[in-house]
Amino acid sequence: MNLEIENITLRDIQESDLSILCKIYGSTRTEELENGTDWSDEQKNIFIEHQFSAQHEHYQKNYLGAKFYIIEKENTTVGRLYIDSFFEQKGVRIIDITLLPDWRGKNIGSSILKEILQKAAKANRNVTIHVESFNPAMELYKRLGFTKISETNGVYHLMEWIPQRN
C-alpha cells in the first residue's frame, strides 16, 4: 500500500523486525500489566513475548492475503499496520494498527486511517476492524464514521465503515 502522507512510509515486515514488532505489541499491554498484576518485569516480558508470538503466528496463518507493514516516519519505526485489502473478497479488514506510545496523538494514525478509508471509498469497499471496548482509539474510529456491528465477550467490538454511496 502506498501512502501519500508526508514523511510516513510503510514497508513490509521482515524477520529482523520481530523484536520491534514485539515492542509495539507490548506497548498495548503496558497499562494492563502495570495495574492488573504483581508480576516482575521479567515475568511481564515473558508474557508479552509469548502473547506476541501467538498473535503473530495467528495473523500469519489466518490472513493469508494480508499485508504486514512497519510504519515509519522519516526512517524511524513508529508502529505497525496489518491490513487485508480483499478480506473475504468483499471488503478491507484492518487487522491491526498500533503506534508506539511516543508517536500516539500526533495525527499519524488518523492520517493513515483516513487514507485507507479514501482508497476503500474509491473501490466501493467497506472497512472493518476489531477494537477493544476500552481502547482509547475507539473515539477516533467513531469520529471517522465506524459503527459497531457486533461484539464478542463484551470486550471486542467489530466496527465497520461504509462508504457513502451516491
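Observations on the structure shown:
- If the segment from Phe86 to Asn7 were pulled out straight at 0.36 nm per residue, it would be longer than the present Cα-Cα gap by 25.8 nm.
- Segment Thr147-Ser133, length gained on full extension (0.36 nm per residue, minus Cα span): 3.8 nm
- Ranked from largest to smallest solvent-accessible area, with a 1.4 Å probe on the protein heavy atoms, Arg29, Arg11 come out as Arg11, Arg29.
- Among Leu21, Leu64, Leu81, the largest mean-square fluctuation in a Gaussian network model of the chain (Cα springs under 10 Å) belongs to Leu64.
- Here the mean projected area of the convex hull built on the C-alpha positions of the chain is 10.5 nm².
- Cβ-based net charge around Thr37, under 13 Å, with every Lys or Arg adding one and every Asp or Glu removing one: -4
- Cβ-Cβ FRET estimate between Ala121 and Glu49, R0 fixed at 35 Å, reported to 0.05: 0.35
- In the complete set of protein chains, residue-level accessible area for Ser85 is approximately 40 Å², probe 1.4 angstrom.
- The largest accessible area among Glu151, Glu15 belongs to the first residue in Glu15, Glu151, and the rest follow in falling order (1.4 Å probe, all chains).
- The stretch between Leu33 and Val155, if pulled fully straight at 0.36 nm per residue, gains 42.2 nm over its current Cα-Cα span.
- Accessible solvent surface per residue of the chain, calculated while the other protein chains remain in place, 1.4 angstrom probe, Å²: 61
- Global form of segment 47-98, assessed from the alpha-carbon gyration tensor, a/c cut-off 1.5: oblate
- Unsatisfied cross-links (Cα-Cα over 24 Å) in the set Lys61/Lys122; Lys73/Lys148; Lys73/Lys122; Lys67/Lys119; Lys44/Lys73; Lys44/Lys67: Lys61/Lys122; Lys73/Lys148; Lys73/Lys122; Lys44/Lys73; Lys44/Lys67
The values are calculated or read from the model by the stated rules, or taken from the named source; none is laboratory data. Please read these numbers as outputs of a predicted model, since none were measured by experiment. Cβ sites come from the backbone with ideal geometry, for glycine too, and all protein chains shown count toward neighbours. We work out accessible area using only protein heavy atoms, side chains counted, and drop any ligands, DNA or RNA first. Shrake-Rupley method; radii C 1.70, N 1.55, O 1.52, S 1.80 Å.
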